[in-house]
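For reference, the structure discussed in these notes is given below.
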Amino acid sequence: MRYARSGRSGLKLPEISLGLWNNFGDDRPVATQRAILRRAFDLGVTHFDLANNYGPPVGSAEKNFGRIFAEDFRPHRDELVISSKSGYDMFAGPYGEWGSRKSVLASLDASLTRTGLDYVDIFYSHRPDPETPIEETMGALAQAVRSGKALYAGISNYSPEQTTAAATALAAEGVPLLIHQPRYNMFDRHIENGLLPVLDEVGAGSIVFSPLAQGMLTDRYLDGIPADSRAAEGRWISASNISPAYLAHARALQEIARGRGQTLAQLALTWVLRHPQVTSALIGASSVAQLESSLGALDGAPLSADEVAAIEPHAVDGLGR
């Protein structure tokens, strides 16, 4: 495993981290979850990423992780970076989402209860709140750090302008912005439109989610739509995403990957990690084999200028949305 420093902080993260967004809710066997987490740690994946609403149902990923942590990982707590988030819909009523101080700090306490942790290493505002002053949301994150319930503050899904405002508000509280978690992949390139230089300016790193575009940047859909796939289920993507245009670009990208001795997924991970501002790529895994295959991306050579140029016509922004 290779580790990279997050922005100007002292914290290093594995270049590939494990996200528990999918595959760690009550719809998956706990034994499978345990096997994935254990193998990831054995291979040097020291960062596990959660959020209050991950499941299904909401909260179940944190509960399942907490059970596995208590049984398997507690002696290794100081070797792990564990993150969680607040901001998306968790329960009905005015306090179950968004970024008020009330919601953020209550959510953190609930996450600690579900996971059985004394603290999280990184606590995020999962999305900006259009109706709450950013100073209030960042003030809540700063309070989480000052209380010792979180070691670092992060943001997710913030625009470049909102990122600058968040970093400024945190700095006024004496807390640096450690990291930004945006969506980024070959089919969603929005962070290239201004966010990367902002990260340099504020001294934050980034950890990108959905680097495989919910499976569209794998070989899963190149020969049809499997019945048990996300596209078939309509979960995050649908059959309409598997269009002739998508297939043409994905197959071209797969040929580039083969020329490098990589899978399409491995190429997609290498591509997002080419930016110095990208500290880590956040992958999901439904099996140990899938996890191991994704981590194989780190065995590949850096992309050459010619390879980046060959990829460019096929890395079509908006194709996955």
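The values are calculated or read from the model by the stated rules, or taken from the named source; none is laboratory data. The structure presented is a predicted model; accordingly, all values stated were derived computationally and were not measured. No Cβ is skipped: glycine too gets one built from the backbone with ideal geometry, and neighbour counts run over all protein chains shown. The accessibility values were calculated without ligands, DNA or RNA, using every heavy atom of the protein model including side chains. Shrake-Rupley method; radii C 1.70, N 1.55, O 1.52, S 1.80 Å.
A compact table of results
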quantity: Förster radius 22 Å - calculated FRET efficiency between residue 305 and residue 248 (Cβ-Cβ, nearest 0.05); calculated: 0.40
quantity: Of all accessible heavy-atom area on the chain, the percent that carbon and sulfur account for (1.4 Å); calculated: 52
quantity: Area of residue 122 that stays accessible when all protein chains are in place (1.4 Å probe, Å², to 10); calculated: 0
quantity: List 218, 113, 168, ordered by accessible area with a 1.4 Å probe, largest first; calculated: 113, 168, 218
quantity: Under 24 Å from the Cα of residue 102 - lysines, other chains or at least 8 residues apart; calculated: 63, 85, 149
quantity: Chain lengthening between residue 223 and residue 190 when straightened (0.36 nm per residue, less Cα-Cα); calculated: 9.0 nm
quantity: Solvent-accessible ranking of 32, 163, largest area first, probe 1.4 Å; calculated: 32, 163
quantity: For the chain, share of DSSP beta bridges that run antiparallel, in % to the nearest 5; calculated: 10
quantity: Net charge over other residues, Cβ less than 15 angstrom from the Cβ of residue 164 (K, R count +1; D, E count -1); calculated: -4
quantity: Solvent exposure ordering (accessible area, 1.4 Å, most first) of 255, 62; calculated: 255, 62
quantity: Whole-Å distance, taken between Cα centres, linking region 1-63 and region 96-123; calculated: 17
quantity: Region 13-104: relative contact order as a whole-number percent, Cα under 8 Å and 6+ apart; calculated: 28
quantity: Cut-off 19 Å (backbone N to label point 7 Å along Cα→Cβ of residue 3), residues of region 279-310; calculated: 279-283, 295, 298-299
quantity: Residue-averaged [θ]222 nm for the chain, counting only DSSP H segments that reach four residues, each worth -39500 (n - 2.57); calculated: -10500 deg cm²/dmol
quantity: Backbone HN-Hα couplings from phi across region 263-278 [Karplus 6.51/-1.76/1.60, Hz, Gly and Pro as x]; calculated: 7, 4, 4, 5, 4, 4, 5, 4, 5, 5, 7, 5, 7, x, 6, 8
quantity: Percentage relative contact order, the chain, counting C-alpha pairs under 8 Å, at least six apart; calculated: 18
quantity: Amide H partners (placed H, <5 Å) of residue 122, local residues excluded; calculated: 82, 83, 84, 151, 152
quantity: Accessible area in square angstrom per residue, region 57-174, 1.4 angstrom probe; calculated: 43
quantity: Area of residue 158 that stays accessible when all protein chains are in place (1.4 Å probe, Å², to 10); calculated: 10
